[in-house]
Amino acid sequence: MTEAEPRVPANITCIDCGGRCHLLTRLDPEDPAQPGDLLTYRCEDCLDRWDLLIPEEE
């Protein structure tokens with residue numbers, strides 16, 4: 001990962017229940033995630049799905 005590549009967390013906190021969400025999107029190390037890409041997470045507790053866009057750099 002270089003400075004220009006966004007950091008993509010493997011886990012995030014679920015806004016609904018506070019549980020741990022796991023990244024479902026498979027990332028290719030040779031084609032790293034870029035701003036505007038869609039990441040999908042699933043909560044292990046409530047099973048909610050979260051679709052997040054990687055934000056653009058300011």
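Residue-wise HN-Hα couplings along segment 17-22, as the Karplus relation 6.51 cos²θ - 1.76 cosθ + 1.60 with θ = phi - 60° gives them from phi, are 10, x, x, 9, 9, 10 Hz; Gly and Pro carry x. Annotation: amide H-H contacts under 5 Å for residue 39 (H modelled 1.01 Å from N, sequence separation of 5 or more, or interchain): 52, 53, 54. Which of the following values of Cα Rg over 2.2 N^0.38 Å was calculated from the structure shown: (1) 2.15; (2) 2.22; (3) 1.18? Entry (3).
Values in this text are rule-based calculations from the coordinates and carry no lab data. Keep in mind that this is a model prediction, so the values were computed, not measured.
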